[in-house]
Amino acid sequence: MHPMQTIAVRAARAAGQTIIRAFAELDKIEVTAKGINDYVTNVDKEAEAAITYQIRKSYPDHTIVGEENGENKGENKEFVWIIDPLDGTNNFVRGIPHFAVSIALQHKGKTEVAVVYDPIRDELFTATRGKGAKFNDFRMRVSKHNELNETIIATGFPFKAKQHTETYMKIFGELFTQCADVRRAGSAALDLAYVAAGRVDGFFEIGLKPWDIAAGDLLVREAGGTVTDFTGNHEYMNSGNIIAGAPKVTSAIVKTARPLLSEALKR
């Protein structure tokens with residue numbers, strides 16, 4: 001295993017332990033609104049602290065970018081850890097057992113290591129650039145479906161960017177009539193991990209943040225899938241608008257979505 005992946009896995013499991021302990025006592029969780037339809041809990045912060053501690057023990061000079069604490073600059077700017085300590089906070093606070101820890105390491109702007117960890121199911125999804133992707137130490141690959149009518153597509157509603165609702169619903173409607181079924185589970189990190197594992201065939205969402213998708217992006221690509229933005233280009237880390245899946249599925253979703261895009265989503 002890549003030495004930095006070892007640290008990422010250790011950090012993800014440490015955060016997972018913090019989350020599981022708290023999940024057993026949901027009535028004690030402190031929830032704070034940090035924006036419209038955007039919440040943070042004391043558990044998010046504690047899990048991020050656990051991840052930061054594990055990274056800093058081995059790599060004290062690396063830069064860390066986390067959802068809750070922003071950028072924690074280190075002297076070494078070439079290595080950047082992008083972390084979401086609890087992706088699926090809304091599920092977590094409602095007692096819905098579907099959320100994950102997401103950790104990615106970038107070196108000079110390229111993602112080298114990715115870990116998505118589901119502490120409820122003890123499922124670990126990992127990837128190292130150029131070395132493939134694994135699920136609990138077994139090699140994983142995207143699905144082999146090529147036609148949309150065979151596929152199950154995962155998605156997330158743009159609940160933090162409701163100005164895109166009309167466009168999103170047009171895309172959703174077109175895809176729903178073409179595919180076998182659609183899933184909306186509430187964790188983009190797990191949606192992307194499930195694409196990489198072949199559990200779902202494709203995924204699309206509007207308005208995500210880098211920490212939502214940095215790890216999942218590498219998982220999908222190392223599992224043989226493709227990742228684009230809604231125009232078929234590769235600006236999804238900047239725009240947060242992402243389509244991922246088995247190569248022909250990604251292409252089919254882009255082909256369906258592109259004619260329906262508003263001007264704001266064409267950028």
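The values are calculated or read from the model by the stated rules, or taken from the named source; none is laboratory data. Only a predicted model underlies this, so the values are computations on that prediction, with no experimental measurement involved. Cβ: placed from backbone, ideal geometry, glycine included. Neighbour counts: every protein chain shown. The protein model used for the area step is the full one, side chains on, heavy atoms only, and it has no ligands, DNA or RNA in it. Shrake-Rupley method; radii C 1.70, N 1.55, O 1.52, S 1.80 Å.
Would it be correct to say that Thr63 is under 22 Å from Thr128 (Cα atoms) and free of Cβ contacts under 8 Å to residues at least 40 places away in the same chain? Taking the combined requirement at face value, the residue satisfies it. Run down Lys28, Lys45, Lys57 and say which single residue is of a type in the set (D, E, K, R), open to solvent by 40 Å² or more (accessible area, probe 1.4 Å) and closer than 19 Å to Pro210 by Cα. Result of the check over Lys28, Lys45, Lys57: Lys45.
Picking from residues in the range 194-226 that are within 26 Å of Glu71 (Cα to Cα) and in contact with a Lys or Arg (Cβ under 8 Å, 6 or more places away or on another chain), the one that is least open to solvent (accessible area, probe 1.4 Å) is Leu218. Restricting Phe176, Phe159, Phe204, Phe135 to those that are closer than 23 Å to Arg267 by Cα and out of contact with any Ser or Thr (no Cβ under 6 Å at 6 or more places or on another chain) reduces the list to Phe159. Could you check, for the range 7-30, whether at least one of its residues is touching an Asp or Glu at 6+ places or on another chain (Cβ under 7 Å) and within 19 Å of Glu123 (Cα to Cα)? Yes, some residue in the range 7-30 is touching an Asp or Glu at 6+ places or on another chain (Cβ under 7 Å) and within 19 Å of Glu123 (Cα to Cα). Residues in the range 238-257 that are touching a Leu at 6+ places or on another chain (Cβ under 9 Å) and among the aliphatic types (A, V, I, L, M): 6 in all.
Candidates Ala246, Ala215, Ala223: the one that is among the aliphatic types (A, V, I, L, M) and in contact with a His (Cβ under 9 Å, 6 or more places away or on another chain) is Ala246.
If the condition is being open to solvent by 10 Å² or more (accessible area, probe 1.4 Å) and either of a type in the set (Phe, Trp, Tyr) or closer than 17 Å to Glu150 by Cα (or both), then the range 227-253 contributes Tyr236, Pro247, Lys248, Ser251, Ala252.
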